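Asker: Sharing a structure below in structure tokens format, with a few things to ask.
The values are calculated or read from the model by the stated rules, or taken from the named source; none is laboratory data. In this text, all values refer to a predicted model and were calculated from it rather than measured experimentally. Reconstructed Cβ throughout: ideal geometry from the backbone, glycine too, with neighbour counts over all protein chains shown.
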Amino acid sequence: MNLKGLDQVRNSEFYLNAALGKIKYAQLGTTPKDRDKKKELIEKEKIKMIKTSLCDALTRIIKSFPDFDNLAEFYDKLVETSLDKDTLRKELSTLNWGAQKIDELTSETVRKMSSADDKQLRKIKGAYIGRVSSIMKRLNRPLDFLEHARRILLSFPSVKTDTYTLCISGFPNVGKSTLLSKVTTAKPEIGAYAFTTKSLNIGYFDARFEKVQVIDSPGTLARFEKMNNIEKQAYLAIKYVADVVVFVFDLTEPYPIEDQLRLYENVLEMDKPTFIYFSKQDIIKDDRIENFIEENKFINVVAKPDDLVTSIQKQMKNRFR
């Protein structure tokens, strides 16, 4: 989902001041071509400039937000967990109502200005600005909510939902980010403490004629309502985006092996093809890993990052058989 077009949403006063500033400094009726214009025509142009400035601003906000009825499943679920979609639709609709009201008021005011004298023009213009200000002030609540929504949407990870995806799963600080850096060109922030991953780290590698997206998915797959925002993103990425998962075990036991095995079982419940990788192999005796594999009857074990890449390439090839 492309969220780059989500510019900051301001309050009504900002947009009103911008519109009124345009007519204040507009050079209407000052050029030789315009000097013979009637006061009526100049005031009509100012009214139309106010309308264009405000309606363009409101329409730009509306169009910058994604179509919430046609999101990829991952983003649809992410929006549902982070925002009230009904309120989003309602507030966007309210902005559209405001733009329509300003447009209707402008047409009505321009008609009233026809054949009006200077005194009447000033009165009509003042009444117009007052009514437009009133309409814009009614939009402050939706504008505030949409700025809140914009900030949340900008915190979403840039996941390519139509790209073949490998999710790296396992407890925090067991070597997932290190594995990501070895199989892709990504340079994730690797901390010395648990729960240092503040966002979904994403990288890519080439597999024949197709790119593979690799997501370092932090979290412990606790009950969904107890997960923090990053853990929820990770859970949803595995469930709705992952084509394959690699589970990282750390036999140096920063977490009890029983807990790691329990988390591994939870991952298997996602019903995704799953590989097993052992981190920190340089400080673990080979027979410890071999015995662990035999005890748990593991299959699909990859010994090295290069082996993982090769296994993924075979997995992708099998899709077309």
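Asker: The conditions are (1) farther than 13 Å from residue 174 by Cα; (2) without any contact (Cβ under 8 Å) to a residue 60 or more places away in the chain; (3) among the charged types (D, E, K, R), and residue 253 fails exactly one of them. Which is it?
Answerer: Condition not satisfied by residue 253: (1).
Asker: Now for a separate question. Restricting attention to segment 123-134, does a residue exist that is polar (S, T, N, Q) and outside any helix (DSSP H, G or I)?
Answerer: No, segment 123-134 has no match at all.
Asker: Give the residue, chosen from 101, 85, that is modelled with pLDDT of 95 or more and basic (Lys, Arg).
Answerer: 101
Residue-wise test of (1) at pLDDT 95 or above; (2) of a type in the set (Ser, Thr, Tyr).
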residue: 238; (1), (2): no, no
residue: 245; (1), (2): yes, no
residue: 250; (1), (2): no, no
residue: 255; (1), (2): no, yes
residue: 259; (1), (2): no, no
residue: 266; (1), (2): no, no
residue: 270; (1), (2): no, no
residue: 276; (1), (2): yes, no
residue: 280; (1), (2): no, no
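Asker: Here's another thing I want to ask about it. Find the residue count for segment 162-179, including only residues that are touching a residue at least 60 places away in the same chain (Cβ under 8 Å) and out of contact with any Leu (no Cβ under 9 Å at 6 or more places or on another chain).
Answerer: 9
Asker: Another question, then. Please note which strands (runs of 3 or more DSSP E) are completely contained in segment 207-297 and include at least 2 residues that are surrounded by fewer than 19 Cβ atoms within 10 Å (Cβ to Cβ).
Answerer: Those strands (runs of 3 or more DSSP E) span 210-216.
Asker: Restricted to segment 91-138, and to residues that are hydrophobic (A, V, I, L, M, F, W, C) and more than 20 Å from residue 10 (Cβ to Cβ), which residue is surrounded by the most Cβ atoms within 10 Å (Cβ to Cβ)?
Answerer: So the residue we want is 121.
Asker: Given the options 276, 299, 283, name the one that is touching a strand residue (DSSP E or B) at 6+ places or on another chain (Cβ under 6 Å) and among the β-branched types (Val, Ile, Thr).
Answerer: Step by step, each of 276, 299, 283 is checked, and only 276 is touching a strand residue (DSSP E or B) at 6+ places or on another chain (Cβ under 6 Å) and among the β-branched types (Val, Ile, Thr).
Asker: When only residues in segment 146-196 that are of a type in the set (Ser, Thr, Tyr) and touching a Lys or Arg at 6+ places or on another chain (Cβ under 7 Å) count, which is modelled with the lowest pLDDT?
Answerer: 181
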